[in-house]
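As structure tokens, the structure follows; a few thoughts come after it.
Nothing in this text is a laboratory measurement; each read-out follows from the coordinates by a stated rule. Just so it is clear, the model here is predicted, and its values are computed rather than measured. Using ideal geometry, Cβ is built from the backbone for each residue, glycine included, and neighbour counts are taken over all protein chains shown.
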Amino acid sequence: MKRILKYLPLLVLITISACNMDKKSSEISAQNESVFPKGELLNSENFTGTVYLKMMGATDSTLHVSYGNVTFEEKARTNWHKHPGGQLLFITEGKGYYQAKGHPAQLLHKGDYVEVPPNVVHWHGAAPDSKFAHIAVSLNTDLGGAIWIGPVTDDEYNFKE
Ligand code: MN
């Protein structure tokens, strides 16, 4: 009994540490969890790398919006493109970039958002070392869908200027 009492404080300390570690690892996994469903693997010539898409709303004649969750694996990205009616991006996971043609790429993290003005040529996608997810909202879709221009080459992706 005396021996148990001697080691009791140590036992309590170990138990508390173990609980804290559990808390920390659950906080980290919560940060990495997807907010919205990942959807299906996207098979499109307008993207480079592995991309998943979950469309969320039906384009209709009243709201003129089309939106979905786009998840990019490391290095995956859209082609250069533009939206006649503009687009909003809400970053929900990871780290990636938005780049308007002729401007340096903007580094984006979970919680950031981007307003893409109508007809600005741009791309968006994951960082080389991180997956990336955003909700993409295409606006004023009565003006037309995305106009695709061509791939973001590895040189363009690596340089980002
Ligand atoms: Mn876009």
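Taking amide H as placed 1.01 Å from N in the peptide plane, Asn79 has its amide H under 5 Å from the amide H of Phe47, Thr48, each at least 5 places away in sequence or on another chain. Placing +1 on the Cβ of every Lys and Arg and -1 on the Cβ of every Asp and Glu, with nothing else charged, gives the range 40-157 a dipole about its Cα centre of roughly 140 debye.
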